[in-house]
Each structure stands twice: as C-alpha cells, then as structure tokens.
Amino acid sequence: MKIAFVGKGGSGKTTLSSLFIRHLAASGAPVIAIDADINQHLGTALGLEEAEAARLPAMGDRLALIKDYLRGSNPRIGSADSMIKTTPPGEGSRLLRVREDNPVYDACARPVELDGGAVRLMVTGPFTDADLGVACYHSKTGAVELCLNHLVDGRDEYVVVDMTAGSDSFASGLFTRFDITFLVAEPTRKGVSVYRQYKEYARDFGVALKVVGNKVQGQDDLDFLRAEVGDDLLETVGHSDWVRAMEKGRPPRFEHLEDVNQRALRTLRTAADATYELRDWERYTHQMVHFHLKNAQSWGNERLGVDLAAQVDPGFVLSESVATPA
C-alpha cells in the first residue's frame, strides 16, 4: 500500500508518519519510508542522530541512476536523459518492488533498525542555498514521483511518504500516487485550511483522503474538527509522553507507546489496508499518463526538444501481474 502523510508545517505529520512506520515495522511488515518534505526530519524522527541523517544519500542527487535503471529496454524512451518526473512505465521498463534488492535501493535506501523490525529509508535530500535561483524543490521530489510511477506493491507491503508541507504536491501528479492520504490537522482554522485545499484539488482524481486530528486536548477540539471535516475525520491523537521523550532523543521501546495512541495507529492501518480492494490499476495508469502529457505540453517538450507524448505506451497498464524484465 502506498500511503502519504500531508499537512501544514508544524501539524505533526512527520511525527505521526514516523509512529505509523514504527507500528508497521513492529508487526514485521516490509516498509519503505520516504522523506519527501522540504525539511528533512523523518530520519531523526525514526531515531537517527542528526549527523547520521545528514549522511543519507539524496535521491535527487542520484536521478541519473534512477532514470537509467527504470528505463530498462523500453523502446519508447530514446535515452534516460529524456525521462522526466512523470515519465510512465511501458513495455521493457524496469519496475520496483518493495521486497526486492535493486540498484535504486542500493544507491538511495538505507536500513533503519527499529523496535521489532527494520525499514528502508529513502530521502529526497534537503533544499540547500545552492538550489536558490537555479532549481525548484519539486525537481528533487521528482525522483520520488518517478519511482512511485514504476513501483508495484502488493497486499501487506507498505510505502509511507512524508510529504512536503501544505499543498505543494499539487504542482505535479504526485498527490495521485497513493492508495490513501492521511492529512494531519490541528484543531484550528489554519490547521484545517490545508484540508480544504486538498479536498478541492483531489476531488476529481479519486484520492482517498482521511483526516487525523493532532494535538486534540478535549471535547471542544474534537467537536471543532468534526464540524470542519465531517466524515473525513478518521482518528485523533492527543498529548504523548512517549513522543515527548522521542523528541528529546530518549524514546522508550515502541511497545510502551500509550494504548490510546497504539489504537489510533491500528485504525490508520485498517483504513489503509481497506483501500487494497478498491485499487483500480487502469485509473492509476491513466492518471499517470494524464500528468505526463500535461507536463510534456507545458514545459517538457520545449526543454528537452523531443515529443514526450511518444513515451506513452498505450497498451500498458501497471499492475501486480506485470512481470519485471530480467
């Protein structure tokens, strides 16, 4: 299952995504965790020291390798250089699978040991001063989008992405790449503003969106969120001594997370697992092609000097039954 955590800056989405990742890992599930936020904090939320997190290989710096591997023998793609963030797979493309080893994971993923299990962590890389004026942060998250376009995941396999704050993911088709999106919202007007943006943008793309209320302190906060988001409110989370200890760099074992928060994480997993039966690979592939053609027309064709629409394989549908080429 492909799962996104979104929300405004400071909402607690990185904290909640890290707790969810720990919850999955503790059950023994295979997990790929991806930090796609402009502020790279997922590694430290998963227990890495600051210096260790800073040494994680950036996907954005290895885009050439990612493109070359995913291109495979696809005859519709003349060269890896002609691939853009929205390039869809086709016959001959190499696909990524959660449980396998491959050159992309070798270059970009690092194992992180957690209580009761381990996850593969991948990061886009930080947006630095050197990028100002010459690069857009969305070019870095493009590596994530390209990988998700070529990813085939199955039941009880999880890819959890901590997204950039706000509604920046709508600058591309990245927001449609998930089975479910958890929007973390505080019980304030600003806290639910991003929810309204997401709800409006995602309406036409069949995005499964659920709200997780964070920093909820009482009935009044709960009533506010229910009034603002209605049935999209899935779960709420309040104060956690375990999280406070984690933020101080002294997390107890995960099994000691408060029962109420353990139950909340189980609710999130149940909601994510339920979307498996709703998967529509044809719609998923169609959306991939839609955003590719949109990007090709708006900037890609002119920048690269080729017709990127020719990269679309009209007979190809990404699905679990598609075999990965040798």
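The values are calculated or read from the model by the stated rules, or taken from the named source; none is laboratory data. Bear in mind that the values here come from a model prediction, so they are computed numbers and not experimental data. Don't worry about glycine lacking a Cβ; one is built from the backbone with ideal geometry, like all the others, and counts go over all protein chains shown. Note: accessible area is taken over every heavy atom of the protein model, side chains too, but ligands, DNA and RNA are not part of it. Shrake-Rupley method; radii C 1.70, N 1.55, O 1.52, S 1.80 Å.
Take the residues in region 43-67 that are outside any loop (DSSP other than H, G, I, E, B), under 15 Å from Val144 (Cα atoms) and not small (Gly, Ala, Ser), then tell me which one is most open to solvent (accessible area, probe 1.4 Å). Walk me through how you get there before you give the answer.
Residues of region 43-67 that are outside any loop (DSSP other than H, G, I, E, B), as a first pass: 43-45, 50-54, 58-67.
Of the ones still in play, those that are also under 15 Å from Val144 (Cα atoms) are 58-67.
From what's left, not small (Gly, Ala, Ser): 59, 61-63, 65-67.
Numbers: Met59: 0, Asp61: 116, Arg62: 78, Leu63: 45, Leu65: 72, Ile66: 0, Lys67: 35 Å².
In this case the residue turns out to be Asp61.
To keep it simple, each residue is scored yes or no on (1) in contact (Cβ under 8 Å) with a residue 40 or more places away in the chain; (2) of a type in the set (Gly, Ala, Ser); (3) over 29 Å from Thr87 (Cα atoms); (4) in contact with a Ser or Thr (Cβ under 9 Å, 6 or more places away or on another chain).
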{"site": "Val6", "(1), (2), (3), (4)": "yes, no, no, yes"}
{"site": "Lys13", "(1), (2), (3), (4)": "yes, no, no, no"}
{"site": "Ala25", "(1), (2), (3), (4)": "yes, yes, yes, no"}
{"site": "Gly28", "(1), (2), (3), (4)": "yes, yes, yes, no"}
{"site": "Asn39", "(1), (2), (3), (4)": "yes, no, no, yes"}
{"site": "Tyr69", "(1), (2), (3), (4)": "no, no, no, no"}
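Which one of the conditions (1) over 17 Å from Asn261 (Cβ atoms); (2) assigned to a helix (DSSP H, G or I); (3) under 13 Å from the mean Cα position of the chain (by Cα); (4) not hydrophobic (A, V, I, L, M, F, W, C) does Asp35 fail to meet, given that it meets all the rest?
In the conditions (1) over 17 Å from Asn261 (Cβ atoms); (2) assigned to a helix (DSSP H, G or I); (3) under 13 Å from the mean Cα position of the chain (by Cα); (4) not hydrophobic (A, V, I, L, M, F, W, C), Asp35 misses (2) alone.
Read through the list (1) of a type in the set (Asp, Glu); (2) modelled with pLDDT under 95; (3) open to solvent by less than 60 Å² (accessible area, probe 1.4 Å), then give the number of the only condition that Asp35 fails.
Against the list (1) of a type in the set (Asp, Glu); (2) modelled with pLDDT under 95; (3) open to solvent by less than 60 Å² (accessible area, probe 1.4 Å), Asp35 comes up short only on (2).
Of these, Leu63, Leu24, Leu19, which one is modelled with pLDDT under 95 and either out of contact with any His (no Cβ under 9 Å at 6 or more places or on another chain) or closer than 21 Å to Met246 by Cα (or both)? Step through it out loud before you land on a result.
Details: Leu24 fails: modelled with pLDDT under 95; Leu19 fails: modelled with pLDDT under 95.
After applying the criteria, what remains is Leu63.
For region 207-222, how many residues are open to solvent by 50 Å² or more (accessible area, probe 1.4 Å) and within 23 Å of Ala274 (Cβ to Cβ)? Even if it seems obvious, please write down each step before you answer.
Applying the first criterion (open to solvent by 50 Å² or more (accessible area, probe 1.4 Å)) to region 207-222 yields 210, 215, 217, 219-220.
Then drop every residue that is not within 23 Å of Ala274 (Cβ to Cβ), which leaves 210.
Within region 207-222, residues that are open to solvent by 50 Å² or more (accessible area, probe 1.4 Å) and within 23 Å of Ala274 (Cβ to Cβ) number 1.
Say whether the condition of being of a type in the set (A, V, I, L, M, F, W, C) and farther than 22 Å from Leu24 by Cβ is met by at least one residue in region 255-266. Talk me through it step by step, then tell me what you get.
Going through region 255-266, the residues of a type in the set (A, V, I, L, M, F, W, C) turn out to be 257, 260, 264-265.
Next cut, farther than 22 Å from Leu24 by Cβ only: none.
Checking region 255-266: not a single residue is of a type in the set (A, V, I, L, M, F, W, C) and farther than 22 Å from Leu24 by Cβ.
Those residues that are acidic (Asp, Glu) and part of a helix (DSSP H, G or I), I need them from region 230-264; list them, please. Even if it seems obvious, please write down each step before you answer.
If we filter region 230-264 for residues that are acidic (Asp, Glu), which is where we start, we get 231-232, 235, 241, 247, 255, 258-259.
Passing the criteria: Asp231, Asp232, Asp241, Glu247, Glu255, Asp259.
Can you find a residue in region 272-284 that is closer than 30 Å to Asn74 by Cβ, open to solvent by 30 Å² or more (accessible area, probe 1.4 Å) and either of a type in the set (Phe, Trp, Tyr) or over 21 Å from the mean Cα position of the chain (by Cα) (or both)? Outline the logic, then answer.
Here is the first cut: in region 272-284, the ones closer than 30 Å to Asn74 by Cβ are 275-276, 278-284.
Cutting the leftovers down to open to solvent by 30 Å² or more (accessible area, probe 1.4 Å) gives us 276, 278-283.
Filter once more, so that each one left must be either of a type in the set (Phe, Trp, Tyr) or over 21 Å from the mean Cα position of the chain (by Cα) (or both): 276, 281.
The answer is yes, given that some residue of region 272-284 is closer than 30 Å to Asn74 by Cβ, open to solvent by 30 Å² or more (accessible area, probe 1.4 Å) and either of a type in the set (Phe, Trp, Tyr) or over 21 Å from the mean Cα position of the chain (by Cα) (or both).
If Ala25 satisfies all but one of (1) assigned to a loop (DSSP other than H, G, I, E, B); (2) touching a strand residue (DSSP E or B) at 6+ places or on another chain (Cβ under 6 Å); (3) of a type in the set (A, V, I, L, M); (4) open to solvent by less than 10 Å² (accessible area, probe 1.4 Å), what's the number of the condition it fails?
(1)
Is it the case, given these coordinates, that Ser298 is surrounded by fewer than 16 Cβ atoms within 10 Å (Cβ to Cβ), of a type in the set (S, T, N, Q) and in contact (Cβ under 8 Å) with a residue 40 or more places away in the chain?
The answer is no for Ser298.
Can you tell me which residue in region 70-113 is least open to solvent (accessible area, probe 1.4 Å), limited to those that are out of contact with any helix residue (DSSP H, G or I) (no Cβ under 9 Å at 6 or more places or on another chain) and over 30 Å from Ala26 (Cβ atoms)?
Gly72
So for region 136-144 (the condition being modelled with pLDDT under 95, within 30 Å of His286 (Cβ to Cβ), open to solvent by 40 Å² or more (accessible area, probe 1.4 Å) and outside any helix (DSSP H, G or I)), does at least one residue qualify?
yes
Residues that are more than 22 Å from the chain's Cα centre (by Cα), open to solvent by 70 Å² or more (accessible area, probe 1.4 Å), among the basic types (Lys, Arg) and farther than 30 Å from Leu114 by Cα: does region 232-244 have at least one?
No, there is no match, as no residue in region 232-244 is more than 22 Å from the chain's Cα centre (by Cα), open to solvent by 70 Å² or more (accessible area, probe 1.4 Å), among the basic types (Lys, Arg) and farther than 30 Å from Leu114 by Cα.
Ser17: among the polar types (S, T, N, Q) and within 30 Å of Val216 (Cβ to Cβ), yes or no? Steps first, please.
Working: among the polar types (S, T, N, Q): yes; within 30 Å of Val216 (Cβ to Cβ): yes.
So Ser17 passes the test.
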